[in-house]
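Here is the structure we will look at, set down as structure tokens.
The values are calculated or read from the model by the stated rules, or taken from the named source; none is laboratory data. Only a predicted model underlies this, so the values are computations on that prediction, with no experimental measurement involved. Cβ coordinates were reconstructed from backbone atoms using ideal geometry, including for glycine residues, and neighbour counts include every protein chain displayed.
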Amino acid sequence: MKLEDINVPDLGDSSEVEVIELLVAVGDLVEENDSLIVLESDKAAMEIPAPVGGKVNKIAVNLGDQVSTGSLILSIEVDGDSCVVEKETNLVVDDATLDAGKNDLLSTEDSEESNAGNDSVLPGVKKTTRLIIPDLGSSEEVEVIELHVSVGDTVQVDDPLITVETDKAAMEVPTTINGKITELLVTVGKKVTSGFDIGSIISEDVAEDLEESKDYSDTETRPKKESKSGTNFLSASVPPEMVAPKILVSENGRQVYAGPAVRKLARELGVNLSQVEGTGVKKRIVKSDVQNFVKLVLSSGPSNVIKSSIPDIDFTEFGEIEQVSRTKLSKLTAENMARNWNSVPAVAQFIEADITDLEEFRLGLKKESEKKEVKLTLLPFLLKATALGLAKYPQFNVSLHSSDEYLIQKKYIHIGIAVATDHGLVVPVIRNVDRKSIWELAEEAADLSAKAKNRKLGKAEIQGACFTISSLGAIGGTGFIPIVNSPEVAILGVARSAIKPVFKDSEFLPRKMLPLTLTYDHRAVNGVDGGLFATYLSQLLEDIRYLSM
């Protein structure tokens, strides 16, 4: 084994360019001409291919680095005897054909003219491409439910070969080249995975030439064609050109920014790039975006990713308008909300809690609150009551596994609190709520809310929630139905409290009532359990003595 350093090729007029995408990682096996990284100048982008095949030993650049001609990109471990990794597309050339190809390259102008159109080299070439199931975004098996081709069929790029299906979605696997099907290794009902060999195809040009070559030995002369001899075997080393990534335009007019390798992957997976949201620089679609899109299709079903085709309206016809850009956070929140709304069969349980005594107790702690410099709101009491509810009814402290085969029971109690900020909705998480006092919860809730509004939250502070509380009590309203924040299975909506007449002890009394809405995932929680949890929560808030037990 030896190391081959891969450097940035001649960039022409560009002095420095930015690394905008890493397409490989240390330990990856790459083939010759596989793309390694994507570089971008002010006007164009290019993918740097591997000149040899092997194993990536180290990567010398990071996303955002500025590099120039000759900069080290990475090192590849290659076999000392052979620098090329076996590829799916193979050129099988006999010795006589290779000699003929070399002679063509070394011939004089006169000999080139005499050989023009001579395709005698082609009968020795058999260019066969294996048809492979692309990356499905999962290691699980999928079932072949339909064959669209048979041996001998001629297909064009993007023609479907087979259809595979999971429990929730189906996907066609298209061909990426023109040609004739020479072998099929799958049948309807067969289970396959990513990388499975479907069969083989012989490329269209070679197939035609091989058909012509059948009568070659019986024919002394053939029609002259422009010679292509030699180019199949030896080629000059040419530095990659700076090529502007193709900008597609979807039916609704949205531009799609993607490089050649991404477009190729999208074709292999049968993905419409206009439906994929780019996360790269300038909203460029990278390979991981396409792969994540496929994972979503296979795991959640088509209804969760098919976007509404509501046409754009020219609102300027009705008056003056302003186009306001959405923040990344608001867009992510919208996507998550839409996915949860479509995928979670939710039930809403409504109940009112009498918090008259609780409010009297809370207001009585005002001086102590000022002394501790901690604002004591209703939220820490809600957190404490919810934690006790999760401990008593652990079926609310679960998540559904993606296979739907089992539930994941959590042995910890972390609760998220929805916080509205200028840049969007954020849900910081308070950990181990069941182990903390009311004062500790009040202090931590205030601290996390301040961090959320100032964009100071760390990654760990917005992950790991078992349950979420969303309170709109400070704003008003008599109630609302919050959307379950999957993979959690329940959320509590808190509206504004109000004084109401309540029949108690043989008379109507003015009591402060707090409207609560418990929304839960009916796949994980039964209706009876939902009613019991909501009732228990109400009882805890009505008699605060139970909060200390």
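Assorted remarks:
- Conditions (1) modelled with pLDDT of 95 or more; (2) of a type in the set (Val, Ile, Thr); (3) under 30 Å from PRO510 (Cβ atoms): number failed by VAL374: (1)
- Residues that are of a type in the set (S, T, N, Q) and free of Cβ contacts under 8 Å to residues at least 40 places away in the same chain were ranked within the range 431-490; the one that is farthest from ALA385 (Cα to Cα) is ASN454.
- Candidates VAL125, VAL24, filtered to the one that is at pLDDT 85 or above, among the hydrophobic types (A, V, I, L, M, F, W, C) and not assigned by TED's automatic domain parsing to the domain that holds LYS287: VAL24
- Elements of type strands (runs of 3 or more DSSP E) in the range 1-72, at least 2 residues being touching a residue at least 12 places away in the same chain (Cβ under 8 Å), among the aliphatic types (A, V, I, L, M) and under 24 Å from ASP289 (Cα atoms): 17-22, 35-40, 45-49, 54-59
- Selection over the range 141-171 of residues that are under 15 Å from LYS191 (Cα atoms), under 25 Å from the mean Cα position of the chain (by Cα), at pLDDT 70 or above and not polar (S, T, N, Q) gives a count of 8.
- Restricting attention to the range 337-372 and to residues that are in a strand (DSSP E or B) and charged (D, E, K, R), the residue that is surrounded by the most Cβ atoms within 10 Å (Cβ to Cβ) turns out to be ASP354.
- Flag if VAL398 is free of Cβ contacts under 8 Å to residues at least 60 places away in the same chain and surrounded by 13 or more Cβ atoms within 10 Å (Cβ to Cβ): no
- The condition of being in the same structural domain as LEU358 (by TED's automatic domain parsing), surrounded by 18 or more Cβ atoms within 10 Å (Cβ to Cβ) and modelled with pLDDT under 95 holds for only one of ALA495, ALA452, ALA474, ALA445, that being ALA452.
- Residue check, ASP404 of a type in the set (Asp, Glu) and closer than 18 Å to GLY473 by Cβ: no
- Subset of the range 373-396 [outside any helix (DSSP H, G or I) and touching an Asp or Glu at 6+ places or on another chain (Cβ under 7 Å)]: VAL374, TYR393
Table: residues versus (1) among the basic types (Lys, Arg); (2) in contact with a Gly (Cβ under 6 Å, 6 or more places away or on another chain); (3) at pLDDT 95 or above.
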residue	(1), (2), (3)
GLU317	no, no, no
LYS328	yes, no, no
SER343	no, no, no
ALA353	no, no, yes
LYS367	yes, no, no
LEU378	no, no, yes
GLU405	no, no, no
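- Strands (runs of 3 or more DSSP E) contained in the range 398-513 and holding at least 2 residues under 27 Å from ALA334 (Cα atoms): 398-400, 407-409, 415-417, 419-421, 424-426, 467-471, 490-494
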